[in-house]
1. Could you list, in sequence order, all residues of the stretch 106-156 that are touching a helix residue (DSSP H, G or I) at 6+ places or on another chain (Cβ under 7 Å), under 27 Å from Pro12 (Cα atoms) and of a type in the set (Gly, Ala, Ser)?
2. Just name the residue that is nearest to Ala143 (Cα to Cα) out of those in the stretch 259-270 that are under 19 Å from the mean Cα position of the chain (by Cα) and touching a residue at least 24 places away in the same chain (Cβ under 8 Å).
3. Restricting attention to the stretch 133-157, and to residues there that are part of a helix (DSSP H, G or I) and farther than 30 Å from Gly107 by Cα, which single residue is farthest from the chain's Cα centre (by Cα)?
4. Which residue out of Leu191, Leu182, Leu177 is closer than 17 Å to Leu82 by Cα and touching a Gly at 6+ places or on another chain (Cβ under 8 Å)?
5. Are any residues in the stretch 17-69 under 17 Å from Arg267 (Cβ atoms), part of a loop (DSSP other than H, G, I, E, B) and modelled with pLDDT of 75 or more, and if so, which ones?
6. From the list Trp296, Trp245, which residue is without any contact (Cβ under 8 Å) to a residue 24 or more places away in the chain, among the aromatic types (Phe, Trp, Tyr) and either farther than 30 Å from Arg156 by Cβ or surrounded by 13 or more Cβ atoms within 10 Å (Cβ to Cβ) (or both)?
7. What do you reckon, is Gln221 farther than 30 Å from Tyr91 by Cα, in contact with a Pro (Cβ under 9 Å, 6 or more places away or on another chain) and in contact (Cβ under 8 Å) with a residue 12 or more places away in the chain?
Amino acid sequence: MTPRAHHDLPFPQYQAMAGTNSSSLEDLAVSPLLYRHHKRDVCDACGFDCLGRPDVDELGLWHCPECGRLLLDNSRPDTPDLRLGRLAHSYILEPDLVELAYAVYTGPTSGKGSRTERKEFEAEAAAAGKTVISAEDRDACLAMRRAVYSDPLALRYIAQLTEAELSIQWEHHTGELCKCRLDGPAEAFTLDLKTTRRDNLRQLFADFARFGYHCQGALYQDGREALTGERLPYVQLAVQKVAPWDVAVCPVPADVLEVGRAINEERVAQLRRCREERQWLGMAGGEEQPVELPAWADPLAEDDLICEGDDDE
């Protein structure tokens with residue numbers, strides 16, 4: 001398929017858009033079964049097994065090729081941290097849209113009548129097409145925005161962005177349909193905004209590896225390259241979501257992204273095998289897995305460690 005750019009696409013519509021994204025590949029790394037659970041390939045209406053190759057309409061949405069039913073992914077559990085992260089993106093990257101998209105609840109949260117007042121406020125917000133947020137989350141996002149906009153280096157990057165939340169679909173060289181959502185594309189780079197509680201670079205970079213951001217960044221690079229023909233630098237902008245609201249601009253070196261790209265290639269190849277073999281194995285891979293004790297639960301292993309480190313000479 002020809003790569004597609006979707007501008008101003010709301011997040012729920014991006015979620016419904018066809019394609020394997022970074023989160024999906026992280027699921028696959030856990031097990032193919034988890035991937036298939038989140039990427040709903042079996043049609044609820046007719047039971048047809050789409051095998052990950054449903055029809056894609058002009059809006060980029062999945063449909064069952066048998067009955068035409070829209071196929072939606074099984075949503076992942078939402079969390080307060082995820083919601084705050086999405087809200088911070090709006091406040092920092094799309095500040096002009098905040099008042100149009102959100103309603104801040106400042107009423108009572110406990111006591112007589114508080115539940116009724118909250119429900120009435122939510123109903124009014126829903127009628128206006130707005131999402132209700134707390135005053136605490138609003139204040140945190142305002143603090144993050146002030147921190148980013150008052151940091152000269154971060155502001156220099158923000159000022160170069162051409163838009164926010166650009167969604168891209170493209171076909172991987174294996175034929176797999178992929179998608180990504182870029183926080184902040186600029187002419188010369190792609191900016192990715194991350195919120196964090198970390199207050200030092202060692203922990204920040206450990207999280208970068210733990211959460212697979214090198215894989216995510218490589219996929220973002222590939223999506224934009226498919227669209228424009230140019231491989232552009234990938235830069236992370238990290239901002240603390242707690243005081244003192246520290247900010248760090250972190251360009252990601254090409255060799256780090258190549259590590260992520262190699263991992264992505266392995267996962268996409270595994271995904272293709274799963275589709276061809278029609279096997280979606282779980283954590284055990286369909287085989288017996290003898291129990292292994294972690295080191296902390298094995299006193300003999302701990303004794304060995306003590307003996308190895310004990311040198312009186």
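1. Selection gives Ala140 alone.
2. Step by step, filter the stretch 259-270, then rank; the result is Gly260.
3. Here the answer is Pro152.
4. Just one listed residue meets the conditions, Leu182.
5. If the condition is that a residue be under 17 Å from Arg267 (Cβ atoms), part of a loop (DSSP other than H, G, I, E, B) and modelled with pLDDT of 75 or more, then Gly19, Asn21, Ser31, Lys39 are the ones that fit.
6. That would be Trp296, the only listed residue that is without any contact (Cβ under 8 Å) to a residue 24 or more places away in the chain, among the aromatic types (Phe, Trp, Tyr) and either farther than 30 Å from Arg156 by Cβ or surrounded by 13 or more Cβ atoms within 10 Å (Cβ to Cβ) (or both).
7. For Gln221, the condition - farther than 30 Å from Tyr91 by Cα, in contact with a Pro (Cβ under 9 Å, 6 or more places away or on another chain) and in contact (Cβ under 8 Å) with a residue 12 or more places away in the chain - is not met.
The values are calculated or read from the model by the stated rules, or taken from the named source; none is laboratory data. Everything quoted here is computed from the prediction, not taken from an experiment. As a convention, Cβ positions derive from the backbone with ideal geometry for all residues, glycine included, and neighbour counts pool all protein chains shown.
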